[in-house]
Amino acid sequence: MEFEAVIGLEVHAQLSTRSKIFCACSTAFGAAPNGNTCPVCTGMPGVLPVLNRKAVEFTIRTALATSCTVQRRSVFARKNYFYPDLPKAYQISQYELPVALGGHVDIEVDGGTKRVGITRIHMEEDAGKLVHEGEFADAQASLADLNRCSVPLMEIVSEPDMRTPEEGGAYLRRLHDILVYLGVCDGNMEEGSFRCDANVSVRPVGQEAFGTRAELKNMNSFRNVEKALEYEIRRQVERIEDGEKVVQETRLWDANAGVTVSMRRKEEAHDYRYFPDPDLLPLIVDDSWIEELRATIPEMPAEKIARLGRQYGIPSYDAGILASSRALADFFEVSAAIYAGNPKTTANECIHWKDAVIAGTLSPETIAHAVEDRERGTISATASKKLVELVLSTGKPFRALRDEQGLTQVSDTSALDLLVDKILAASPKEVDGYRAGKAGLLSFFVGQVMKESRGKANPKMVQEVLKRKLG
Amino acid sequence: MAITREEVLHVARLARLSLPETEVERLREQLSAILDYVKQLDQLDTRGVVPTSHAIEMGTPFRDDVVEPFGDREALLANAPDRQNDCFRVPRIIED
Amino acid sequence: MANVPVHEWTLLEAARRVREKEISSRELTGALLARIEALDPKVHAYITVLPEAAAADAAACDEEQAKGALRGPFHGVPIGLKDIFCTRGVRTTCGSRILRDFLPPYDACVAEKVLGAGAVLLGKHNMDEFAMGSSTETSFFGPTRNPWDVSRIPGGSSGGTAAAVAAAMCFAGVGTDTGGSIRQPASLCGVVGVKPTYGRVSRYGMIAFASSLDQGGPIARTVADAASLLGVIAGYDRRDSTSLDLPVPDYLAAVERPVEGLRVGLPKEYYEGDGLSPDVRAAVEKALNALTDQGAIVVEVSLPHTSFALSTYYLVAPAEASSNLARYDGVRYGHRAEGASGLIEMMSRTRAEGFGDEVKRRIMIGTYALSAGYYDAFYGKAQKVRTLIRDDFMKAFESADVLLTPTAPTPAFRLGEKMDDPLTMYLSDIYTIPCNLAGIPGISVPCGFSTEGLPIGAQLLSKPFREETLFTAAGAIERALPLRRVAPLEG
């Protein structure tokens, strides 16, 4: 029997606000234990939450960028459970009425486009961190650091629309790009700013009903998500083929062993007793606010790749690299506007100097001038590279350095004639050899001329002059 | 509406309240009496009635995304029954 | 006025005399601290008294005044706060063992405002544990007694505040009211208590019982005192999302306004039951006559869902409380059980040891009402009935400006009388609860005494943010019925 997988992903993205979602503590990573806390986020008696406007705006922008319907009225609810990393013993989240519903993102798979539905997007607060003394199993005590408590999170729940680990990976990357593009999440998976849980089940091809699903957690990179999905799908299929049943459970991905492991925690039946948080009123979002935010949505990666290809005639592979960073793509477009001569070369240059571009240490003029000078034969490729490096190390303008360093190529035909004559006169044997048919000797002459010119001769023109003279 | 002993124990567990055996029956009776009383609400037809969570009708206000550090970590930790390395220390998390 | 002992002055009188340097804050505060020392062993209105801090603060007030600076309208006047308001560096217990040694690193908004107005904090008043009770008997620190008859309860949960005000152990205090916890003890102790509109007074730093119902408000010996104190504590606070950004009117000015033409509604359901004592009925009638004698008009109104209010309240409040009180888990502050072998045991035993019976009972009811499978039948249903109750009031206020009702069905009962029967105890809040569910303001004003000499109060209710109307009507009753406000209690 053939099986297919059904995959839905839940992404928890940390919103890039400066302060927490319900209090004014910093969200900065790496503070001293409990250094970013206050009475509100440590759940002291009588204190109250007040919603961070920026967190709402970031969530609405995400909703708009993923074609969700922003809800005019949504409600914060309390999710009640006891744990030492949850100071109030409830997490403020959204439950029945989330801020956004029903969107989608398009992904590229097997040369085609596939649409993955988004069920909902809601806001919630993060919990703190527990450090165990010794190994978890025999730890005598745990230490609670509440710095992360109330850091704003956005949960994006997909429809179970994906069928392969590759689709899962493509969806995650696309969503990641969108959030980073919007500037609403830094996308750092290692620090936990972008986390993903997966719901996976398998069913015989052709069957409509879903199989029993497992929830996968603890996957901290795109690659691990794909690997975990691959493993889990295989595991479930094997179980069914062995005549056994898949159990509904939560499984942790063990990246070292390359397997998913049942949490096997004897959990009391979850009963979170959700109810509307009486300390917060409904979140009301009006049309003018939505429109104001819609105006701030930049072009999304997929649209950008397509447009760059169309507008500049660059290969979609290159457009993809450029579009992987909003800063890089913007840089490219500015450079290509300054020198419109050859966008393909400009694209290559931007990709070559990607790190410096993203770090903000290069100006678009530098790349535009480098490309233009090369195109016009004023400098060589080698000189161009050397000059850009000099721009980076000295901060001086590209053309000033070019003149100062004397790296302008000799493209003047009469000057080249003199150089070529000199070389040919000094190498009679090679001249004879070439004329006798050893065409490979041309590069020997070019090399000699270049050497004589100390790299300043325009190699293309040198070739032309040589060919003419050797006739 | 009588609630069972098991329900009392389940709810106590959810609420993290350890109950001595001697209290279970008394609590069961009291809770049953209270629940019996509140079941009078069933007499009312509330189809189509919008629930009230707040007596006031307005949207939640916002704060600007500005960091204002509390600035006195020691005061926050000072009430802790057990602390270590500026963290709150709790007994091991074991299954039961 | 010359013969009136210092402690019997009104809040406004005391403030005026300090301001006009007829008495120093030190003397005034000293007189009240002496009164507390003499009487509180009998009444037990305070959980914490702050003799040194109060004396030092009074001295500071005097010094500042000598330099020409006044802190505010209550400069140098000693008051007390219910021990539910967090006070920075001053133990705040909420009447519970679980917070027996809790030192908040912040002030409640109410505390900030009262102290900012220049008041000197004498101490923290006793209360039912987490404000859950109607008699102040559920306090971990022992019951408060009614200064009019120390064998009786003062009402609750703000019983300590009402008793302290009635016994003249402070000029006024601030309590909280979730289902009648200001008005019912004010009524039982013969003083004035105001439950403002929900959102009028910030809840920041006020330890939560039921967040959608809780509201802080003044308890004082005169309507004018209550009005001026509300003027100080009311107002917008950006730290409380349910606080309303509306200007605070001059409440004091409203007290003297005439009631001519005021439409006084008598909700018939409040007078129908057989639980209403004849003494209370007679006293409330006097209050009504006081109003009609001054030109108010009587209208009959109906609040048809009144009989469902208690059930609604005993689902909504415990549900919210079960969640609000979950933070007392022994991790970050408060009591922690000794010797637990694991986390779950530590938390469960901490809470079992730290909470009293009534609190545990309500946590259990609330947890049950929210739990899977029961939400719709209990909590969800109660929220819908809450809408019906609120609609009743809004309809009644189309024909009436204020509603006049008894505050409590009977005068103060004896200690221990209702402790073993939670449902009977709950019935003592039957007239006060609907107001909290609807979020409207209410006041209890003294209107007479029972045949046994126990105080009786009348309750007035109005539309949201019409506290002024309450002060006008209460002021008229007070002028027509001059009643003794300080309990005849000797040290």
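Give the long-range amide H neighbours of B:Arg83: residues separated by 5 or more places, or on another chain, with amide H under 5 Å away, using H modelled in the peptide plane at 1.01 Å from N.
It is B:Arg89, by chain and number.
Using helices alone, I'd like the mean residue ellipticity at 222 nm for chain B: each DSSP H run of four-plus residues gives -39500 (n - 2.57), total over residue count, nearest 500. Could you put the intermediate results ahead of the total?
Working: 3 runs with 33 residues, N = 96.
-10500 deg cm²/dmol, from helical runs alone.
Given 5 Å bins starting at zero, what is the percent of C-alpha pairs of region C:355-429 in each, up to the one with the largest pair distance?
3, 12, 12, 15, 17, 17, 14, 9, 2, 0
Given all pairs of different Cα atoms, what value in angstroms does the Kirkwood hydrodynamic radius of chain C take? Walk me through the numbers on the way to the answer.
On the way: mean 1/r = 0.0451 Å⁻¹.
Hydrodynamic radius (Kirkwood, Cα pairs) of chain C is 22.2 Å.
Can you compute log10 of I(q)/I(0) for chain A with the Debye formula, treating each Cα as one identical point scatterer, at q = 0.10 Å⁻¹?
Rounded to two decimals, the profile gives -0.87.
Over the alpha-carbon set of region A:10-66, divide Rg by the Kirkwood Rh and report the Rg/Rh ratio to two decimals. It would help to have the intermediate numbers written out before the result.
Values: Rg = 13.1 Å, Rh = 12.8 Å.
Here the Rg-to-Rh quotient is 1.03.
Between chains A and B, what is the buried accessible area in Å², counting both sides, with a 1.4 Å probe and ligands, DNA and RNA left out, to the nearest 100? Intermediate results must be reported in sequence, preceding the final value.
Values: alone 23880 and 9630 Å², together 29660 Å².
That pair hides around 3800 Å² of surface in total.
Check the straight Cα-Cα distances from C:Lys418 and name the lysines below 24 Å, setting aside those fewer than 8 residues away within the same chain.
B:Lys39, C:Lys42, C:Lys82, C:Lys360
By how many nm would the segment from C:Glu22 to C:Arg91 grow when fully extended, if each residue of separation counts as 0.36 nm and the alpha-carbon distance is taken off? Write down the numbers at each step before the final one.
Values: separation 69, 0.36 × 69 = 24.84 nm, distance 3.32 nm.
Length gained between C:Glu22 and C:Arg91: 21.5 nm.
Would you mind checking which residues have amide H under 5 Å from A:Phe275's amide H? H placed 1.01 Å from N; only 5 or more apart, or other chain.
It is A:Arg78, by chain and number.
Give the share of C-alpha pairs in each 5 angstrom bin for region C:117-199, from 0 to the last occupied bin, in whole percents, shortest bins first.
That works out to 3, 19, 29, 25, 17, 6, 2, 0, in percent per bin.
Find which of C:Tyr314, C:Thr10, A:Thr66 sits farthest along the positive direction of the dipole of the protein assembly as shown, computed with +1 on the beta-carbon of Lys and Arg, -1 on that of Asp and Glu, about the Cα centre.
A:Thr66
Can you tell me which lysines have their Cα less than 22 Å from the Cα of A:Lys344? Leave out same-chain residues fewer than eight positions away.
Within the straight-line limit of under 22 Å, A:Lys344 reaches these lysines: A:Lys304, A:Lys354, A:Lys385, A:Lys386, A:Lys460.
How far is it, in nm, from the label point at A:His132 to the one at B:Gln43 when both lie 7 Å from their Cα along the line to the Cβ?
For the pair A:His132/B:Gln43, the computed spacing is 5.5 nm.
For region A:1-96, take the convex hull of the Cα atoms, compute a quarter of its surface area, and give me that in nm², please. Mind dumping the intermediate values first?
Numbers: hull surface 40.3 nm².
With every direction weighted equally, the projected area is 10.1 nm².
What is the distance in Å between the Cα centroid of region A:169-197 and that of region C:440-491?
Taking the Cα centre of each part, region A:169-197 and region C:440-491 sit 62 Å apart.
In region A:191-320, what is the volume of the convex hull around the alpha carbon atoms, normalised per residue and reported in Å³?
Values: hull volume 35.3 nm³, N = 130.
In region A:191-320, the Cα convex hull volume per residue is 271 Å³.
Pop the C-beta distance of A:Ser393 and A:Lys460 into the FRET formula with R0 = 35 Å and round what comes out to the nearest 0.05. Please report the intermediate quantities before stating the final value.
Numbers: r = 29 Å, r/R0 = 0.82.
Efficiency computed from Cβ-Cβ geometry: 0.75.
Which positions within region C:417-455 get 30 Å² or more of their accessible surface covered by the other protein chains, compared to the chain by itself, with a 1.4 angstrom probe?
Listed by number, the residues meeting the 30 Å² cut-off are C:Leu423.
Please give the per residue accessible area of chain C, computed with a probe of 1.4 Å over protein heavy atoms only, in Å². It would help to have the intermediate numbers written out before the result.
Values: 14130 Å² over 491 residues.
Per residue, chain C has 29 Å² of solvent-accessible surface.
Describe numerically, in nm with one decimal, the distance between label points set 7 Å from Cα along Cα→Cβ at C:Arg484 and at A:Ala436.
For C:Arg484 paired with A:Ala436, the spin-label model returns 14.0 nm.
Collect residues whose amide H, placed 1.01 Å from N in the peptide plane, falls under 5 Å from the amide H of A:Leu48; neighbours closer than 5 in sequence don't count.
Placed amide hydrogens put C:Gly205 under 5 Å from A:Leu48.
Restricting things to alpha carbons, find the Rg to Rh ratio for the protein assembly as shown using the Kirkwood radius for Rh.
Working: Rg = 37.6 Å, Rh = 33.2 Å.
That ratio is 1.13, to two decimals.
Please turn the phi angles of region A:226-242 into ³J(HN,Hα) values with the Karplus equation 6.51 cos²θ - 1.76 cosθ + 1.60 (θ = phi - 60°), one per residue in order, whole Hz, x for glycine and proline.
Coupling constants for region A:226-242: 5, 5, 5, 5, 4, 4, 5, 5, 4, 4, 5, 4, 4, 4, 5, 5, 7 Hz.
What are the radius of gyration and Dmax of chain B, computed over its Cα atoms and given in Å?
Rg then Dmax for chain B, in Å: 22.5, 57.
What is the distance in Å between the Cα centroid of region A:267-331 and that of region B:1-65?
Between the Cα centres of region A:267-331 and region B:1-65 lies a distance of 41 Å.
With everything on Cα atoms, drop me the angle between helix B:21-38 and the longest principal axis of chain B, reported from 0 to 90° to the nearest 10.
For helix B:21-38, the angle is close to 70 degrees.
Quick one: plug the Kirkwood hydrodynamic radius of region B:1-45 (C-alpha pairs) into Stokes-Einstein at 4 °C, 1.567 mPa s, and report D in µm²/s. Numbers along the way, then the final one.
On the way: Rh = 11.3 Å.
Roughly 115 µm²/s, to the nearest whole number.
Mind grabbing the interface size between B and C? I mean buried accessible area, both sides, 1.4 Å probe, in Å² to the nearest hundred.
Buried area (both sides, nearest 100 Å²): 5400 Å².
With just the Cα atoms defining each centre, how far is region C:129-183 from region A:337-403? Give it in Å.
Here the two parts' Cα centres lie 80 Å apart.
Summarise the accessible area of the protein assembly as shown (1.4 Å probe, protein heavy atoms) by the percent that is carbon and sulfur. The partial results should precede the final answer.
Details: 20290 of 39960 Å².
Result for the protein assembly as shown: 51 percent of the exposed heavy-atom area is carbon or sulfur.
Simple spin-label model, 7 Å along Cα-to-Cβ: B:Arg83 to A:Ala327 in nm?
3.9
Keeping all protein chains in place, calculate the accessible area per residue for region A:301-405 (probe 1.4 angstrom), answer in Å². Please report the intermediate quantities before stating the final value.
Working: 4940 Å² over 105 residues.
Roughly 47 Å² per residue, with all protein chains present.
Using only Cα atoms, find the angle between the long axis of helix A:326-338 and the longest principal axis of chain A, and express it within 0 to 90 degrees, rounded to the nearest 10.
Roughly 30 degrees between the two axes.
List the equivalent ellipsoid semi-axes of region A:413-470 in whole Å, largest first, each obtained as the square root of 5λ for an eigenvalue λ of the Cα gyration tensor.
Values: eigenvalues 62, 23, 21 Å².
Computed over region A:413-470, the values are 18, 11, 10 Å.
The values are calculated or read from the model by the stated rules, or taken from the named source; none is laboratory data. Computed from a predicted model, the values in this text were never measured in an experiment. FYI the Cβ positions are ideal-geometry reconstructions off the backbone, even for glycines, and counts take in every protein chain you see. With ligands, DNA and RNA removed, areas are computed over all heavy atoms of the protein, side chains included. Shrake-Rupley method; radii C 1.70, N 1.55, O 1.52, S 1.80 Å.
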